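Q: To start, I am sharing the structure in question, which I have written as C-alpha cells.
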Amino acid sequence: MFHLIYYKSARDTFMFNEGVDNMPITGTDYISVQILDSLNQGIKVKDIPSHFPVSLDQSKRLSRYFNFIKLAEEHLQTNEIQKIKNIGLKILYLSSLFKNEDWDGLTEILSSINIETKRDEFPLLIQALDEKRKRIKEFQEDVENRMQQLESRERELHKLEEEIKKKQKIIKKEISFLNKYPENVQSFLIEHLGIYNEKLVLSRRLDSRWQKLLKKKSILRYDEGNYIWFVDDLDGLVADYHKRTNRKVPLGTEWNYEVEYNRHMNSYYHVPLNPDYRLPVGLAIDLRSSIGEAKLKMKEIKNERKKMQEEIRKLRKTSPKTFIEAVEATNVLSTRELKQHGELQNKALKWLYNKDYIVASEITLPNGKRVDVIGYNEQGHIIIIEVKVSILDFQKDEKWQHYLEFCDEFYFLLSNEAMPAYYRKTECQGAGLLQETKNTVKIAQEHVLEHTVNNKEKIQFLVSKTLSKKFVYGY
C-alpha cells in the first residue's frame, strides 16, 4: 500500500502526459533518483510508467543503470561506484565492459572521466582502451621476442667463454716449461716466442734497440740464412726484461711502430708495420689464433647484445598510450632488470612473511594505485614496499606518496645500482629504505614520516581477497 501511494504522488506531482519521452531523464535528476529507489524497493520495470512520468524505454534504461550500480557495488571501489552514480545514464555507453565483467578496463576508464565527459566520448574511450590493450600485447610480444634473442646470445657467449677457458688450460699445459717465471713474464714470452726445429726463436719483433743489445749479450742470435732470431739464453732474456720493466722509468720491450719510425726516419731502413715474423710458428700459435677468433666473436655478441638492450630501452620509452595520458610499461624490462625485480620482490615478500606478516603482491589500493608488496600483521600494522631496479624508474616515481594513507610504514627496496639515487632525491627523505643482502633484505633507513592511515580493515580485506583469488583461480 505504501508503494502505491508513493508512485501516485510522484505521478501527480510531475503531471504525466504523452510527451514524457522528451523529458530529461539523466539518472541523476530527481525523477531518476525516485525511480532508482523504487527499483531498489522491488517495483517491476513494466509498472514504472504507470507511476512516474517516464516512458517504458526510459524505464528500461534506468533499470539497466540500476543493475550496473549493483554490479559496481560488488566489484569496484567506493570512489568508482560514486563516480558511476554521478555520471548517470551516460555510463550505459560502457555496457560492454559490464557485460564482459571487465572491471580492470572499467576502472581505468572511470579514472579518466567525470560528469563533464560527453556522451559521444564514451565509445571513443572503449575504442582507445581496446587499442591500448592491443598495443600493449604487441609491445610485450615484441619485447619478449627480443629478450629471447638476447638470452640466446647470452648462452652463446657463455659457451664461448667456457671454450676459451678450456683452450687456455691446453696452452698452459703446452708451455709448462715457462711456469718458473712470473705470470706477466709468461704472457710476454708467449706473445714473442716460437719454436723452430725444436729450438726457441723470436716470433715477434722486440724493441729494436733492446733486440740489438740482446744480440750483443749473446742472448739472441740471428741466423741470416733462414732470417730467424734464435733465443740462446732464455733466463738471460727474462733477467734483462726484468731490468728494463722494473726501472723507475721503464724502457721499451715491445715493438712500437711509431717509435721505430721516428728512430729510422732519416735512414734507408724500412720499418715493418706488422711486428710478427713470418717464421717460425709461435708457441701454441694455432690455439692462440682460435682464442683470438673466439674473443672476436665474443666482442661481436656483446656489441649485438648492447644494441638489443638499447632497442628495448627505446621501446620502453615509446610504450603504449592510454586514452588520456602515456603509461610506461614498467613491468616489461630488460632480461636482467626483469629477473632482478622479481628477485627483489620475492625477498621483500619473504622478509615480511618471516616477520609474521600476511603478505601479497600487485595489490590495487582504493585510490587505484598498485603496490609491489604489501603486508599486515596480527596487530593490523601495514607495511608497503615499492621495488625499483633502475635509477630512472626511481627518479620518475611520483606516486609513492599516494601509498602513505594506506600503510603505517612505507619502504623503497632499491637495487644496488639505484641505492645512491635515494639519498639524492630530497623528496624521499623520511621514507624507509630497504637494502638487499645475500638471502634477504635489511632496513637501511627507518620510515619516520608522520601520516594518518585510513580504513585499515579495507586494506586487509583487499590483501586477503587477492590471496583467495590466487588460491581459487591460480592468478
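Nothing in this text is a laboratory measurement; each read-out follows from the coordinates by a stated rule. Since the model is a prediction, treat every value here as computed from it, not as a measurement. All Cβ positions, glycine included, derive from the backbone under ideal geometry; neighbour counts span all protein chains shown.
Q: Nearest-5 percent of antiparallel DSSP beta bridges in the stretch 409-475? Each step should come with its number before you reach the end.
A: Values: 4 of 9 bridges.
Just about 45 percent of them are antiparallel.
Q: Convex hull volume of the Cα atoms in the stretch 335-473, per residue, in Å³?
A: Details: hull volume 16.3 nm³, N = 139.
Cα-based convex hull of the stretch 335-473, divided per residue, equals 117 Å³.
Q: Could you tell me which helices of the chain pass both thresholds, a Cα extent of 18 Å or more along their own axis and a mean Kyte-Doolittle hydropathy of at least -1.0, with helices taken as whole DSSP H runs?
A: Numbers: long enough: 2-14 (19 Å, -0.27); 56-75 (29 Å, -0.85); 121-174 (78 Å, -1.45); 285-317 (48 Å, -1.34); 335-354 (29 Å, -1.33); 456-473 (25 Å, -0.22).
In the chain, the long hydrophobic H runs are 2-14, 56-75, 456-473.
Q: Still on this structure, please answer the following. Among 403, 379, 346, pick out the residue whose Cα is farthest towards the positive end of the charge dipole of the stretch 335-473, where Lys and Arg carry +1 and Asp and Glu carry -1 on C-beta, about the Cα centre.
A: Toward the positive end, the furthest listed residue is 346.
Q: Count charges around residue 91 for me, please; just the other residues with Cβ under 10 Å from its Cβ, Lys/Arg as +1, Asp/Glu as -1. Don't jump to the answer; show the numbers that get you there.
A: Details: positive: 64, 83, 85, 90; negative: none.
Residues near residue 91 contribute +4 overall.
Q: Run the numbers on the stretch 176-283 and let me know its relative contact order in percent, using alpha-carbon pairs under 8 Å that are six or more apart. Working shown, then result.
A: Values: 125 pairs, mean separation 35.9, N = 108.
Once normalised by length, the contact order is 33 percent.
Q: Starting from 0 in steps of 10 Å, tell me what percent of the Cα-Cα pairs of the chain lands in each bin.
A: Computed distribution, short to long bins: 3, 13, 16, 14, 12, 11, 10, 7, 5, 3, 3, 2, 0.
Q: Roughly what % antiparallel, to the nearest 5, for the DSSP beta bridges in the chain? Mind showing how you got there, number by number?
A: Numbers: 27 of 38 bridges.
If we restrict to bridges inside the chain, about 70 percent are antiparallel.
Q: Something else now. Counting DSSP beta bridges with both partners in the stretch 335-473, what percentage is antiparallel, nearest 5?
A: 55 percent
Q: Continuing with the same structure: What list of ³J(HN,Hα) couplings, whole Hz, do you get for the stretch 368-373 from phi and the Karplus terms 6.51, -1.76, 1.60, once you set θ to phi - 60° and write x for glycine and proline?
A: Each residue's phi maps through the Karplus curve to give x, 7, 9, 10, 6, 9 Hz.
Q: Here's a follow-up. Local charge sum around residue 438 (other residues, Cβ-Cβ under 14 Å, Lys/Arg +1, Asp/Glu -1)?
A: Counting the neighbours of residue 438, the net charge comes to +1.
Q: For the stretch 335-473, what's the relative contact order in percent, using C-alpha pairs closer than 8 Å and at least 6 residues apart? Each step should come with its number before you reach the end.
A: On the way: 230 pairs, mean separation 30.2, N = 139.
About 22 percent, as a whole number.
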